[in-house]
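Working notes, structure below.
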Amino acid sequence: MDAETRRAIAEYAREVAKLRSEVTTLQRGQRAGQLANSSLEEGQTIEARDETGALRGRWGWVDGAVGLVTEGGDPVSAPTAPQVTPSLGGLRVTWDGLLDGDPAIPVDFDHMAVHISTTSGFTPSAATYVGSIRRAGEGGMLPVVPLPYVPHYVVLIPVTTGGVQGDPSAEVAATPLQTSGVDLEADSIEAVHIKAGAVTADKLEALLVLATTIIGGIPGGARVEIDQDGLRGYDESNALVFAVDASGNAVFSGDIVASEISGSRFSLTSSSGATGAIEDVSGVVRTQVVSPAGARAQLASTSGQAEFSVWGDAGSSTTPAGGMLATPGSCQVNLLSNVTDTVTSPLLTLVALPTEARVQARGGTGSDLRITAQDAWAGVSATPEPSAVGQPPAIPGTIYAFRRSGTDAPTLSLQSPVSTSGAGSDRRSIIHVEGANTARASTVINHAARIHYLQGELVSGSTDTTTDGSVQLADTHSIYAARHAPVRGELLGSLTSFSTGSSFYDFPSGTFAPFAFKTGWSGRIKVEIMMCGLNNASDASSIALGFRLSGGSTVAGSLKRAAYVRSAGAGFGSSQSAYFSDTLNLTANADYTLTPLYRITSGTVAYFDTALANHILITPLM
């Protein structure tokens, strides 16, 4: 045998050994239980089939839900003939719960369909179906009303859970009862026609149609059932969608849609463990929700108020809490750091009243901040924490916004806190910041304090006590302001003619012209006069340079406010200089005109020496 043939035989032997191993594994797996290690994914089912291979049921995901659905199966044999009893306007159909020939009831039997026709020997169909008698140990009864007063024929057909119909029962005939041969038309009997005591329990018992179960709809499909256990509703897939038991308890799996739902309590529970309730508690209607961790929120209302409140942990007596409260006279919001301590623990409140709105924030040490708006003023007040060294408590310091009385100027006032007792009680420092108005065109800042202390800047939170500083004023608010600049008038030429005597006379405008100035806030001015002149007519001759003022007030010329030179004697030929300086108090912030004046007592050759200084200098002071 050549080498190639031997290799082919060896490869074939390995393949046979491999197949034998796989077959052994498969056989061992078939003998072991498999279902314990299996699961059904969404959309999968397990089918049950009979010995013929016919499908009898499915378990698993059916129409989007998990359940068991029976399919097909053998039809149930014919039931015993029904007992049909005539009743007023209808028939009572009763089944004794047995099958003809007394065989056992199959496990997959579901209900007995009742069919009625006015034709004998009819074929049961959807048109003749009138209801069902549910499976029960002793059968059941179905009332059928209304029916016309003619013979009717009744047949029962058994139906399995898989929907397979069995053989029909024997046909039974009966005719509904009439009231002494008189048909009752709609609305023909009224209360006045019924004699008191005419309707009794024993009469009703003979005529009242009773049943163990009443089914409205399709058996095994969408329907409503009523029996001694209560009321139930099923959808088209035979799933229970609502139930009301005989005790009044109700369960609904779908949505409840209504314009109004009434009751004393509605409770909710979520999959996370959160709960909620709408309830009436001692006359208070409230909605409350509680998280698994104990956080709670509540909406409540009584005849006197409405509230919304929250608790951080409803199980803790010191939990943070908050609430919004509305009454006929107020609305407020309260935020508490400790629900049981409203005196010392930090809190925040907002209150709105008919004539006032305010906000309060309080710290744990007693510091307090309040914002208030009233009809006449608005303010922010702050109370410092109590003294750590035994000083008296303090009345709050406040920032007010109001109208300044007297001038009615809009004003913002910063007022310091005040000690309640001791040497410093009732003493405040204030800063009034006032705006202008039509009666006063200027603004005002009013400082009121015993000591005004200016200190160095803060550097990293500490006061700088080593670096030089300065207090500066803008040029418009200092001695450099334009209105404080000196105003000067000068003699421009010699007097070509003049008057003499003891009076002051105006200079001709071309010689020494009048000039204007304005006083400062103080109203004070400094007047300086420089003159050089000569009048040597006699030993008593003199010459003077003065002024008069008009405008904010009037100031007449006077030797007390003039530069003055008196002759040293007749024939003395040298001119002399004179200087005058004084401060005058005039009207503040007023416009003035200064008119230069001269006074020459006698002679014809007196003169002001124009080669030297002859001028008047006005300097408005601060």
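The values are calculated or read from the model by the stated rules, or taken from the named source; none is laboratory data. Computed from a predicted model, the values in this text were never measured in an experiment. Reconstructed Cβ throughout: ideal geometry from the backbone, glycine too, with neighbour counts over all protein chains shown. We work out accessible area using only protein heavy atoms, side chains counted, and drop any ligands, DNA or RNA first. Shrake-Rupley method; radii C 1.70, N 1.55, O 1.52, S 1.80 Å.
If you check Gly312, Gly273, which single one turns out to be at pLDDT 75 or above and buried (at least 16 other Cβ atoms within 10 Å of the Cβ)?
Gly312
Would it be correct to say that Ala388 is farther than 30 Å from Asn437 by Cα, of a type outside the set (Val, Ile, Thr) and surrounded by 17 or more Cβ atoms within 10 Å (Cβ to Cβ)? First the steps, then the outcome.
Values: farther than 30 Å from Asn437 by Cα: yes; of a type outside the set (Val, Ile, Thr): yes; surrounded by 17 or more Cβ atoms within 10 Å (Cβ to Cβ): no.
Answer is no for this residue.
Quick one: count up the residues across region 145-161 that are surrounded by fewer than 20 Cβ atoms within 10 Å (Cβ to Cβ), modelled with pLDDT of 90 or more and among the hydrophobic types (A, V, I, L, M, F, W, C).
Looking only at that region, the number is 2.
Assuming Phe242 fulfils every condition listed in (1) open to solvent by 60 Å² or more (accessible area, probe 1.4 Å); (2) in contact with a Lys or Arg (Cβ under 9 Å, 6 or more places away or on another chain) apart from one, which condition is it?
Among (1) open to solvent by 60 Å² or more (accessible area, probe 1.4 Å); (2) in contact with a Lys or Arg (Cβ under 9 Å, 6 or more places away or on another chain), the lone unmet condition for Phe242 is (1).
Looking at (1) without any contact (Cβ under 8 Å) to a residue 24 or more places away in the chain; (2) open to solvent by 60 Å² or more (accessible area, probe 1.4 Å); (3) not in a loop (DSSP other than H, G, I, E, B), which is the only condition Ala361 fails?
Against the list (1) without any contact (Cβ under 8 Å) to a residue 24 or more places away in the chain; (2) open to solvent by 60 Å² or more (accessible area, probe 1.4 Å); (3) not in a loop (DSSP other than H, G, I, E, B), Ala361 comes up short only on (2).
Is there any pair with a first residue in region 419-435 that is surrounded by 13 or more Cβ atoms within 10 Å (Cβ to Cβ) and a second that is hydrophobic (A, V, I, L, M, F, W, C) and not in a strand (DSSP E or B) whose Cβ atoms are under 7 Å apart and which are 6 or more apart or on different chains, and what are they?
Ser429/Ala449
When you go through Thr595, Thr619 one by one, which is the residue that is modelled with pLDDT of 95 or more and closer than 20 Å to Ser497 by Cβ?
Residue meeting the stated conditions: Thr595.
Does any residue in region 459-481 that is free of Cβ contacts under 8 Å to residues at least 24 places away in the same chain and of a type in the set (Val, Ile, Thr) come within less than 7 Å, Cβ to Cβ, of a residue that is open to solvent by 100 Å² or more (accessible area, probe 1.4 Å) and in a loop (DSSP other than H, G, I, E, B) six or more places away or on a different chain, and which pairs are these?
Thr463/Gln455; Val471/Leu454
Report, ordered by the first and then the second residue, all pairs with beta carbons closer than 7 Å, sequence separation of six or more or different chains, a first member in region 72-97 that is in contact (Cβ under 8 Å) with a residue 40 or more places away in the chain, and a second member that is open to solvent by less than 50 Å² (accessible area, probe 1.4 Å) and among the acidic types (Asp, Glu).
Gly73/Asp108
If Val339 meets every condition in (1) β-branched (Val, Ile, Thr); (2) open to solvent by less than 50 Å² (accessible area, probe 1.4 Å); (3) part of a strand (DSSP E or B) apart from one, which number is that one?
(3)
For region 290-322, name all the residues that are polar (S, T, N, Q) and not in a loop (DSSP other than H, G, I, E, B).
Residues satisfying the conditions are Gln298, Ser301, Ser309.
Report, by residue number, each residue of region 451-478 that is aliphatic (A, V, I, L, M) and open to solvent by less than 90 Å² (accessible area, probe 1.4 Å).
Scanning region 451-478 gives Val459, Ala474.
Give the residues of region 576-598 that are open to solvent by 30 Å² or more (accessible area, probe 1.4 Å) and either outside any loop (DSSP other than H, G, I, E, B) or under 18 Å from Glu490 (Cα atoms) (or both), sorted by residue number.
Within region 576-598, Gln576, Ser577, Tyr579, Ser581, Asp582, Thr583, Asn585, Asp591, Thr593 qualify.
So that you can scan it fast, the table gives a plain yes or no per residue for (1) surrounded by 16 or more Cβ atoms within 10 Å (Cβ to Cβ); (2) not small (Gly, Ala, Ser):
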position: Ala297; (1), (2): yes, no
position: Ala300; (1), (2): yes, no
position: Ser303; (1), (2): no, no
position: Gly322; (1), (2): yes, no
position: Gly329; (1), (2): no, no
position: Thr349; (1), (2): yes, yes
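Which of the residues belonging to region 505-527 are in contact (Cβ under 8 Å) with a residue 24 or more places away in the chain, under 25 Å from Val565 (Cα atoms) and either touching a Phe, Trp or Tyr at 6+ places or on another chain (Cβ under 7 Å) or open to solvent by 50 Å² or more (accessible area, probe 1.4 Å) (or both)?
Answer for region 505-527, where residues must be in contact (Cβ under 8 Å) with a residue 24 or more places away in the chain, under 25 Å from Val565 (Cα atoms) and either touching a Phe, Trp or Tyr at 6+ places or on another chain (Cβ under 7 Å) or open to solvent by 50 Å² or more (accessible area, probe 1.4 Å) (or both): Tyr505, Asp506, Phe507, Pro514, Lys526.
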